[in-house]
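Some notes on the structure that comes next.
The values are calculated or read from the model by the stated rules, or taken from the named source; none is laboratory data. On a predicted model such as this, the values are computed, not experimentally measured, just so you know. Positions of Cβ are backbone-derived with ideal geometry, glycine not excepted, and every protein chain shown enters the neighbour counts. We work out accessible area using only protein heavy atoms, side chains counted, and drop any ligands, DNA or RNA first. Shrake-Rupley method; radii C 1.70, N 1.55, O 1.52, S 1.80 Å.
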Amino acid sequence: AFLYEGQGRFPEAEPLRKNCAAILEKTGPEIFFSTSLNKLANLYLRQKKFAEAEPQYLRAWQFDETHKDKTGFNISYDLEWLGRLYMEWGKYEEAALYYERAVQSDAKQYGVADPRLLGKVQILIGLMRKLNRPAEAAQYEARQREIVTHQMSTNGTMPQSK
């Protein structure tokens, strides 16, 4: 599937991705199953098949939520991919919702001033502007400044977003 995707042969990659997910759902380990669902969803996203990608991303997220202790997977990853899907699909309200959840998840896991939040916060600033919500954009800009200021005071360097 990876080879076919790299060659742009998406119709040939799709049944392989589906088969992989079906096998891993039955045999595990759990982390490979959710990763497989994400890869299938990514295949659809690359083809702009948003309606096909959505249930795969949602299923991966729901699976990881219910198997957190077994997958060790960062829920924020699933939420971010859902946000990306909805952004590319033009569903900006939904995209903002999932990016906000991803930021909350990262803040809970890493701390509210961790530089890993910067990329997602930057995307939220853009989404809030696109949605004509300047007050919320300003709140995220303030949060961005707080993270940068905290990083500068702690390490003396500019943070790198991840």
For the stretch 80-130, the Cα gyration tensor yields equivalent-ellipsoid semi-axes (√(5λ), largest first, whole Å) of 20, 11, 7
Two-site label geometry, Q109 and L3: point separation in nm, points 7 Å out along Cα→Cβ:
3.3
Which residue, chosen from F2, A21, A113, occupies the Cα position most advanced towards the positive end of the dipole of the chain, where the dipole is computed from +1 (Lys, Arg) and -1 (Asp, Glu) charges on Cβ about the Cα centre?
F2
How much of the accessible area of the stretch 1-86, probe 1.4 Å, is carbon plus sulfur, in whole percent?
56
Just the number please: accessible area per residue for the chain, 1.4 Å probe, all protein chains included, in Å².
55
Assigning unit charges at the beta carbon (Lys, Arg +1; Asp, Glu -1) and nothing else, what dipole magnitude in debye, to the nearest 20, does the chain show about its Cα centre?
260
Per the helix-only calculation at 222 nm, which mean residue ellipticity applies to the chain, given -39500 (n - 2.57) for every DSSP H run of n ≥ 4 and division by its residues, nearest 500 deg cm²/dmol?
-26000 deg cm²/dmol
With an 8 Å Cα cut-off and a minimum separation of 6 or more residues, compute the relative contact order for the chain in percent.
14
What would the Debye formula give as log10 I(q)/I(0) at q = 0.18 Å⁻¹ for the alpha-carbon point model of the chain, no solvent?
-1.08
If you count, for each residue, the other Cβ atoms within 10 Å and average over each peptide, how do 2-13, 112-123, 48-59 line up from highest to lowest?
112-123, 48-59, 2-13
Cα→Cβ-extended label distance, 7 Å offset, between R145 and L58, nm:
3.9
